[in-house]
Amino acid sequence: MTAFTQADRDGIWSVLENGGSYTTKLAENEMTMSDDVIEALGDTLHTGFVMPPTSLIYLDEAATKILHLADGWTAVPVRVYRRGGSITYKKLPSGEFEATINI
């Protein structure tokens, strides 16, 4: 799991509250993908791709449950997409992922 710095937490909350853009790094294990998904992403895996969340996050009861159980990065996509934003991911040579939040 990614351990966010205070600057990351502040940056993410600022975008959630005020809009804008913020980029952070995620540990490789935050983005578990099947071989089929990796193959389908092709070059965009390393140049940038958007992976929309499940439609369940738009149901209030489901979103509440996810947010109640979530830790670390898991809650961020729910909050971002429910606010009409998006997240662009890019796999880095280190194996980490760069995630850019836009609202």
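The values are calculated or read from the model by the stated rules, or taken from the named source; none is laboratory data. Worth saying up front: this structure is predicted, and the values here are computed from it rather than measured. Quick reminder, even Gly has a Cβ in these numbers, built from the backbone with ideal geometry, and neighbours come from all protein chains shown.
Is there a residue in segment 45-57 that is under 16 Å from D8 (Cβ atoms) and surrounded by 14 or more Cβ atoms within 10 Å (Cβ to Cβ)? Looking through segment 45-57, none of the residues is under 16 Å from D8 (Cβ atoms) and surrounded by 14 or more Cβ atoms within 10 Å (Cβ to Cβ).
Here's the yes/no breakdown for (1) touching a residue at least 40 places away in the same chain (Cβ under 8 Å); (2) touching a strand residue (DSSP E or B) at 6+ places or on another chain (Cβ under 8 Å); (3) acidic (D, E):
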| position | (1), (2), (3) |
| --- | --- |
| E17 | no, no, yes |
| N29 | no, no, no |
| S34 | no, no, no |
| V37 | no, no, no |
| A40 | no, no, no |
| L45 | yes, yes, no |
| G48 | yes, yes, no |
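Just give me the residues in segment 22-66 being closer than 25 Å to R83 by Cβ, in a loop (DSSP other than H, G, I, E, B) and either at pLDDT 95 or above or not polar (S, T, N, Q) (or both), in sequence order. Correct list: A27, M31, M33, G48, M51, P52, P53, L59. For segment 67-89, the tally of residues that are surrounded by fewer than 17 Cβ atoms within 10 Å (Cβ to Cβ) and either assigned to a helix (DSSP H, G or I) or over 9 Å from the mean Cα position of the chain (by Cα) (or both) stands at 11. Just to be sure before I move on: is A75 within 18 Å of N102 (Cα to Cα), without any contact (Cβ under 8 Å) to a residue 24 or more places away in the chain and of a type in the set (A, V, I, L, M) in the structure I sent? For A75, the condition - within 18 Å of N102 (Cα to Cα), without any contact (Cβ under 8 Å) to a residue 24 or more places away in the chain and of a type in the set (A, V, I, L, M) - is met.
Considering (1) surrounded by 13 or more Cβ atoms within 10 Å (Cβ to Cβ); (2) under 13 Å from the mean Cα position of the chain (by Cα), the lone condition that V37 does not fulfil carries the number (2).
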